[in-house]
């Protein structure tokens with residue numbers, strides 16, 4: 001197997017908003033390696049650096065030092081994003097467009113032909129169960145529906161790697177179940193999924209491997225069983241122990 | 001190119017679906033048509049005043065549309081966070097800028113065509129003649145000039161975060177260039193050094209938007225400018241728009257966009 005997502009000593013610093021010249025370190029020499037075909041969970045408490053890692057992987061935030069590669073291509077090159085799909089934590093799309101128009105726009109961005117776009121749009125609207133409302137403006141959708149549009153746009157180019165930033169955040173149990181189902185289906189199709197989450201139960205059920213990050217540092221990584229077993233607990237206890245939180249007896 | 005046109009099309013769709021765009025458009029159309037339908041004091045030469053008023057209105061309206069439309073493009077994308085879904089695709093920031101420029105320029109070109117169609121109907125119904133060559137030259141020159149204004153507004157929008165402040169600053173700047181710009185060389189002569197040198201530098205640095213203004217030729221039925229002059233003005237306009245877009249790209253390409 002080959003690593004299709006790799007970071008090497010990735011460090012990200014931001015200029016402090018309070019003090020001129022001071023910096024805040026968001027990531028400290030992060031090393032990650034995600035193999036093709038696996039579902040990789042990226043865990044950490046709020047402010048741990050999960051979203052910053054994803055932002056650096058997508059080129060939104062330039063690394064202070066270190067490197068990040070997708071499919072062996074430096075993430076600073078737009079071509080590195082040709083074979084990925086991305087679902088942001090909070091869904092923000094062009095609200096004046098309908099779901100179908102939004103998907104067609106992104107299909108054009110990927111340079112898909114008209115016939116190919118139509119075929120993909122049909123398939124995806126069916127997958128995310130938005131067919132009946134395909135011609136309604138996105139602004140009229142509920143949060144769950146917007147999340148599903150987000151998932152559809154992330155899949156428009158039939159990506160080999162899917163990067164999901166807390167994909168079930170704010171969804172009701174039914175919505176979460178649907179997202180989990182879609183992730184499993186993608187895994188069965190041989191896609192690689194990299195997702196950040198707070199939902200440890202969800203991670204335990206769908207992930208092959210996980211990484212735990214705290215204060216910008218990688219604290220643990222490996223198969224879920226390998227992380228849980230030495231600690232004789234479930235993933236939640238193992239997670240709390242790893243980040244140094246006192247576990248209630 | 002596909003990416004650029006997809007982005008330009010998105011900009012056009014947004015403008016088409018935004019209701020505030022229509023207010024200015026309808027207002028200009030109504031004033032143009034109303035002005036054309038009156039005939040004060042049975043003065044046959046009244047049509048000159050009508051033409052002057054209509055062309056001034058078209059200039060102000062299209063300048064407003066250009067500045068307001070272009071100034072909000074990038075800040076609105078960042079504010080609505082749609083930029084993150086977009087840049088997660090294989091799109092460069094340069095393509096985003098160019099696509100936005102193209103969309104705004106095409107939108108303003110369509111508005112110009114509509115305005116001049118009203119203008120041609122109003123003046124043609126009075127004068128019973130249709131100087132199409134002159135109109136085409138006026139439309140083209142104004143469109144090139146608006147290209148400079150759009151590029152300048154996009155540059156401003158990279159540095160000033162809020163769309164409203166960018167619009168205001170850009171409109172004041174454009175108004176200053178149109179009204180004061182042509183006279184800066186005369187002003188410079190009356191200044192002591194080093195103010196004179198500074199004023200001259202500003203005079204030679206700013207784009208001279210007045211060179212694209214052929215309103216008087218249409219109003220007083222003067223001869224149209226030579227096509228070579230139109231071509232030269234187009235090159236001048238393209239050069240300025242290019243420089244502004246380049247500066248905007250230099251600012252935008254390294255801008256940290258942290259959605260967290």
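Within the stretch A:141-177, the set of residues being surrounded by fewer than 20 Cβ atoms within 10 Å (Cβ to Cβ) and away from every other protein chain (no Cβ under 14 Å) comprises A:142, A:143, A:144, A:145, A:170, A:171, A:172, A:173, A:174, A:175, A:176, A:177.
Do the conditions hold for residue B:130, that is, is it closer than 28 Å to residue B:221 by Cβ, touching a helix residue (DSSP H, G or I) at 6+ places or on another chain (Cβ under 6 Å) and not in a helix (DSSP H, G or I)? Yes; evaluated as a whole, the condition is true for this residue.
Do we have residue A:60 as assigned to a loop (DSSP other than H, G, I, E, B), within 15 Å of the chain's Cα centre (by Cα) and surrounded by 21 or more Cβ atoms within 10 Å (Cβ to Cβ) here? Against the criterion (assigned to a loop (DSSP other than H, G, I, E, B), within 15 Å of the chain's Cα centre (by Cα) and surrounded by 21 or more Cβ atoms within 10 Å (Cβ to Cβ)), residue A:60 qualifies. Taken together, the residues in the stretch A:86-124 that are in contact with a helix residue (DSSP H, G or I) (Cβ under 7 Å, 6 or more places away or on another chain), more than 7 Å from chain B (Cβ to nearest Cβ) and in a helix (DSSP H, G or I) amount to 10.
In the stretch B:147-260, counting only helices (runs of 4 or more DSSP H) that sit wholly within it, the ones holding 1 or more residues that are within 14 Å of another protein chain (Cβ to nearest Cβ) span B:227-253.
State all residues of the stretch B:1-24 that are more than 15 Å from residue B:110 (Cβ to Cβ) and part of a loop (DSSP other than H, G, I, E, B); if no residue qualifies, say none. Within the stretch B:1-24, B:1, B:19 qualify. As a summary of the residue check, residue B:115 satisfies the conditions (1) at pLDDT 85 or above; (2) assigned to a helix (DSSP H, G or I); (3) within 20 Å of residue B:229 (Cβ to Cβ) except for the one numbered (3). Among the residues that make up the stretch B:121-132, is at least one of them closer than 18 Å to residue B:54 by Cβ, modelled with pLDDT under 85 and buried (at least 19 other Cβ atoms within 10 Å of the Cβ)? Scanning the stretch B:121-132 turns up at least one residue that is closer than 18 Å to residue B:54 by Cβ, modelled with pLDDT under 85 and buried (at least 19 other Cβ atoms within 10 Å of the Cβ).
Scanning the stretch B:11-28 for residues that are in contact with a helix residue (DSSP H, G or I) (Cβ under 6 Å, 6 or more places away or on another chain), modelled with pLDDT of 75 or more and buried (at least 17 other Cβ atoms within 10 Å of the Cβ) gives B:11, B:15. Scan the stretch A:73-85 for residues that are within 10 Å of chain B (Cβ to nearest Cβ) and in a loop (DSSP other than H, G, I, E, B) and the total you get is 3.
Being surrounded by fewer than 20 Cβ atoms within 10 Å (Cβ to Cβ), within 14 Å of chain B (Cβ to nearest Cβ) and farther than 22 Å from residue B:9 by Cα is a property that residue A:55 lacks. Does any residue of the stretch A:32-45 turn out to be in a loop (DSSP other than H, G, I, E, B), within 14 Å of chain B (Cβ to nearest Cβ), in contact with a helix residue (DSSP H, G or I) (Cβ under 7 Å, 6 or more places away or on another chain) and in contact (Cβ under 8 Å) with a residue 24 or more places away in the chain? Yes; the residues of the stretch A:32-45 include at least one that is in a loop (DSSP other than H, G, I, E, B), within 14 Å of chain B (Cβ to nearest Cβ), in contact with a helix residue (DSSP H, G or I) (Cβ under 7 Å, 6 or more places away or on another chain) and in contact (Cβ under 8 Å) with a residue 24 or more places away in the chain. Taking the stretch A:119-140 as the range and being farther than 18 Å from residue A:178 by Cα and surrounded by 15 or more Cβ atoms within 10 Å (Cβ to Cβ) as the test, the residues that pass are A:120, A:121, A:134, A:137, A:138.
The values are calculated or read from the model by the stated rules, or taken from the named source; none is laboratory data. These numbers come from a predicted model, not from an experiment. All Cβ positions, glycine included, derive from the backbone under ideal geometry; neighbour counts span all protein chains shown.
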